[in-house]
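Q: Structure provided below as structure tokens; questions to follow.
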Amino acid sequence: MQKILFATSEVYPLIKTGGLADVAASLPRALLKLGQDVKILLPAYTSVMENTKSVGVKEIAKLEVDGYSVSLKQTRLPGTKVSVWLVDVPELFAREGNPYCGPDGNDWYDNHKRFYLFARVAELIALDKAGQNWQPTIVHCNDWQTGLIPALLSLHPNHPATVFTIHNLAYRGLFSYQAFAELNLPTAFWHHERLEFYGQLSFIKGGLAFADFITTVSPSYAREIQLPEFGNGLDGLIAYRNDSLAGILNGIDTDEWNPGTDPHLTCNYNRRTLANKTKNKLALQEELGLAIDASIPLLGFVGRLVDQKGVDLILEQMNQFLNLNCQLVVLGSGFPHYEQALKNIASQHPKKVAVTLGYNESFAHRIEASSDMFLMPSIFEPCGLNQLYSLRYGTLPIVHAVGGLRDTVFESPDDAGEVKSNGFVFSVAAAQELFSTIRRACDLFQQKDQWKQRQANAMSKDFSWDVSAKEYVAIYEQITAQ
Ligand code: ADP
């Protein structure tokens, strides 16, 4: 059994901005199920303190770290047995809203200090210097916010083994040299083989250069990030670490995302009761003021409205799309120009397009259940969770074949019959390609038997964490044995 300190900057349902929060909730649960001893380490943001009130929080240590008074607190992930340790430093973390940026959308001015201090506390726990009589054998870090942890631990002989998981390489945690100078880091770290990145400080390099093992969230993304096109300038370093790199596909929380029991739906359904899926669609069409008609294909989109998600591909072909007999429902928030453009289209075509700006977990579930197809034309996609939710909900994904989308959505079955068509795929990130794929999907929608077969293929695939969590345990065992 391993003792795992799982350091993350977000975890559902305490605080979430994206897929990392879902993974940070469900992977530790799956590890616990496999008999591992796991504790999540998380900053005590305002919303985290509010969302843990019902399960209770108690202080387990007071620490003085680099001039800050830290209260280490213990709680539980609501609805689970997973322990969560909170790093409570009010002047750094007691802030409303998004964990990384202020209400104006700009990054917090002191993010370098916030996630440096978080790393320092992780370092103390990892060395059993936080008075808990509990020393992890593995410190599992996630994305740039935790990148300094492997770097700091490298300074100590006999430190626990470290794993660094890349959930999205586009976020490199870049800061100025001045920021580096403000932190209590060894000057030797200012080197291009360590934390320096073309004259800037990069937190993610701490993970990439110092962790004993690097993972990312799909096999295809593990290959892609070794190439200049997807490597964000870090492809050389990642390729160099190729021997200690693995792509492990994310699972999903199959309790949270289960069309048979999902409390957010108008009508629950499963593979054998797909007619009930249509009731969700009709209810959503009515609620959003779309034309109420089960025979019109409904496309869903849920996600951050940013370049990564291919929003411009959708917008570029919108006029052609509006000529098709189909509907589009969008839920998301992000860049103001995308938000505005989508809102304008919805107001001009209220029977065909409905756009809701903001973040709404319950509505996301209803879109997954109500749509016939799910749009995910991402330019790059480390793993992607929405297409996995879609597959489970019998909502056929329309995807660009990249990263985790390439590994989970298939249109052309292989000769061995092992891979079955479960969606629609285009291979070049171009608006015209997306549009012809949407048209292909709309055509197949009219072939009821073929459509049902594809839905059955989608819904029969197991995307639970059971398999992937075992792969992580195998890596933990490999690196602790070394
Ligand atoms: P990413 O992490 O790049 O944002 P993923 O597909 O891996 O993309 O995960 C996104 C997660 O965030 C999914 O659980 C998705 O349902 C959720 N999500 C994104 N935007 C919204 C929104 N506006 N409302 C509700 N859930 C959202």
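The values are calculated or read from the model by the stated rules, or taken from the named source; none is laboratory data. Note that this is a predicted model, so its numbers are computed, not measured. For neighbour counting, all protein chains shown are included, and Cβ atoms are generated from backbone atoms with ideal geometry for every residue, glycine included.
Q: Report yes if Glu411 is under 17 Å from Met459 (Cβ atoms), of a type in the set (Asp, Glu), assigned by TED's automatic domain parsing to the domain that holds Leu331 and surrounded by fewer than 24 Cβ atoms within 10 Å (Cβ to Cβ), otherwise no.
A: yes
Q: Pick from region 291-312 the residues that are more than 16 Å from the ligand (Cβ to nearest atom) and buried (at least 22 other Cβ atoms within 10 Å of the Cβ): which of them is farthest from His365 (Cα to Cα)?
A: Top of the filtered list is Pro297.
Q: Would you mind finding the one in Asp307, Asp255, Asp262, Asp312 that is without any contact (Cβ under 8 Å) to a residue 24 or more places away in the chain and of a type in the set (D, E, K, R)? Walk me through it before giving the result.
A: Working: Asp307 fails: without any contact (Cβ under 8 Å) to a residue 24 or more places away in the chain; Asp262 fails: without any contact (Cβ under 8 Å) to a residue 24 or more places away in the chain; Asp312 fails: without any contact (Cβ under 8 Å) to a residue 24 or more places away in the chain.
Unique residue meeting the criteria: Asp255.
Q: All but one of (1) modelled with pLDDT of 95 or more; (2) closer than 23 Å to Asp66 by Cα hold for Gly236; which doesn't?
A: (2)
Q: I need the full set of residues from region 179-196 which are in contact with a helix residue (DSSP H, G or I) (Cβ under 7 Å, 6 or more places away or on another chain) and either surrounded by fewer than 12 Cβ atoms within 10 Å (Cβ to Cβ) or more than 21 Å from Trp108 (Cα to Cα) (or both), in order please.
A: Phe189, Trp190, Glu193, Arg194
Q: What do you reckon, is Phe424 over 27 Å from the mean Cα position of the chain (by Cα) and in the same structural domain as Asp372 (by TED's automatic domain parsing)?
A: Answer is no for this residue.
Q: Show the residue pairs meeting these rules: Cβ distance below 6 Å; 6+ apart or different chains; first residue within region 174-191 and within 18 Å of Arg114 (Cα to Cα); second residue part of a helix (DSSP H, G or I) and modelled with pLDDT of 95 or more.
A: Between residues of region 174-191 that are within 18 Å of Arg114 (Cα to Cα) and residues that are part of a helix (DSSP H, G or I) and modelled with pLDDT of 95 or more, the close pairs are Phe175/His112; Ala179/His112; Leu183/Tyr116.
Q: Evaluate the following for Leu27: is it surrounded by 24 or more Cβ atoms within 10 Å (Cβ to Cβ), within 16 Å of the ligand (Cβ to nearest atom) and either aliphatic (A, V, I, L, M) or at pLDDT below 95 (or both)? If you could, list the steps in order and put the result at the bottom.
A: Numbers: surrounded by 24 or more Cβ atoms within 10 Å (Cβ to Cβ): yes; within 16 Å of the ligand (Cβ to nearest atom): yes; either aliphatic (A, V, I, L, M) or at pLDDT below 95 (or both): yes.
The answer is yes for Leu27.
Q: For region 384-407, name all the residues that are over 13 Å from the mean Cα position of the chain (by Cα) and near the ligand (Cβ under 8 Å from one of its atoms).
A: none
Q: Here is a further query. I'm trying to understand the selection: among the residues of region 41-57, which are part of a helix (DSSP H, G or I) and β-branched (Val, Ile, Thr)?
A: Taking region 41-57 and keeping what is part of a helix (DSSP H, G or I), we get 46-51.
If the condition is that a residue be part of a helix (DSSP H, G or I) and β-branched (Val, Ile, Thr), then Thr46, Val48 are the ones that fit.
Q: Note down all Cβ pairs under 8 Å where the first residue falls in region 387-401 and is basic (Lys, Arg), the second is in a helix (DSSP H, G or I) and surrounded by 24 or more Cβ atoms within 10 Å (Cβ to Cβ), and they're at least six residues apart or on different chains.
A: Pairs found: Arg392/Ala458.
Q: Output the residue which, of all residues in region 338-364 that are loosely packed, with under 15 Cβ neighbours inside 10 Å and in a helix (DSSP H, G or I), is nearest to the ligand (Cβ to nearest atom).
A: Top of the filtered list is Glu361.
Q: Filter region 454-482 for residues that are charged (D, E, K, R) and not in a helix (DSSP H, G or I) and give the result.
A: Step one: of region 454-482, the residues charged (D, E, K, R) are 454, 461-462, 466, 470-471, 477.
Passing the criteria: Lys461, Asp462.
Q: On to the next question. Consider Gly247 against the criteria (1) small (Gly, Ala, Ser); (2) over 30 Å from Ala364 (Cβ atoms); (3) within 16 Å of the ligand (Cβ to nearest atom): it satisfies all of them except one. Which criterion is unmet?
A: Of the numbered conditions (1) small (Gly, Ala, Ser); (2) over 30 Å from Ala364 (Cβ atoms); (3) within 16 Å of the ligand (Cβ to nearest atom), the odd one out for Gly247 is (2).
Q: Now for a different question. Restricting attention to region 150-185, report how many residues are among the charged types (D, E, K, R) and within 26 Å of the chain's Cα centre (by Cα).
A: Matching residues across region 150-185 total 1.
Q: I'd like to know if region 371-383 contains one or more residues that are at pLDDT 95 or above, more than 10 Å from the ligand (Cβ to nearest atom), in a helix (DSSP H, G or I) and within 21 Å of the chain's Cα centre (by Cα). Please lay out each step first, then the result.
A: Within region 371-383, the first condition is being at pLDDT 95 or above, and the residues that meet it are 371-383.
Next cut, more than 10 Å from the ligand (Cβ to nearest atom) only: 371-375, 377, 379.
After this cut, where a residue has to be in a helix (DSSP H, G or I) as well, the list is none.
The answer is no; no qualifying residue exists.
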